[in-house]
Amino acid sequence: MEVIDRQEALITNYEALMVLREADVLNEADKRKQKDKARHMCPENVTTLRFEALAYLEKTACTSQSGEQLAQLKEQLLEYELTKGEILQILNLRPKSVVELHLLVEDCTERFLVEEIEQLVSIILDVLPCDDKAAQHQDEADQSDSMDVDS
């Protein structure tokens, strides 16, 4: 297999959701155009992958985010000397407590003072306020995942 259009940037869940939604709309438009013609469809595995990724992302907090919010938060996080991966994880997972932030930032206590860590959580909560609906979907998804593991 050859990679034709190589993308080296990391994207957030929000950006992935936007790309998948756009692809879904284009795919539906394609289906309508080609009803009478020979159908040109994506391979089944690609369609399945898109569907499952879209279904997963629709249950996460990224559905209540906006591009402006993510840009604003990223700009504020840059002054804390976080890695690109840590910033991406923060944008995707939206930590709501110091404990959750510790799980995302490597050597957190060694790199930052307690006040800085609390300030980071405060910034995240201010820029990306918690959406109860998204949090409820995430809790349900977590519970169903834990049930799958137990059985």
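The values are calculated or read from the model by the stated rules, or taken from the named source; none is laboratory data. Given the structure is predicted, the values throughout are model-derived calculations rather than measurements. We place every Cβ from the backbone using ideal geometry, glycine too, and count neighbours over all the protein chains shown. Heads up: the accessible areas ignore ligands, DNA and RNA and are worked out on the full protein's heavy atoms, side chains in. Shrake-Rupley method; radii C 1.70, N 1.55, O 1.52, S 1.80 Å.
Worth a mention:
- Of all residues in the stretch 72-100, those satisfying the criterion of being under 21 Å from LEU10 (Cβ atoms), part of a helix (DSSP H, G or I), aliphatic (A, V, I, L, M) and open to solvent by less than 60 Å² (accessible area, probe 1.4 Å) are LEU73, LEU77, ILE87, LEU88, ILE90, LEU91.
- Qualifying residue in the stretch 101-110 (condition: over 20 Å from THR12 (Cβ atoms), in a helix (DSSP H, G or I) and open to solvent by 80 Å² or more (accessible area, probe 1.4 Å)): yes
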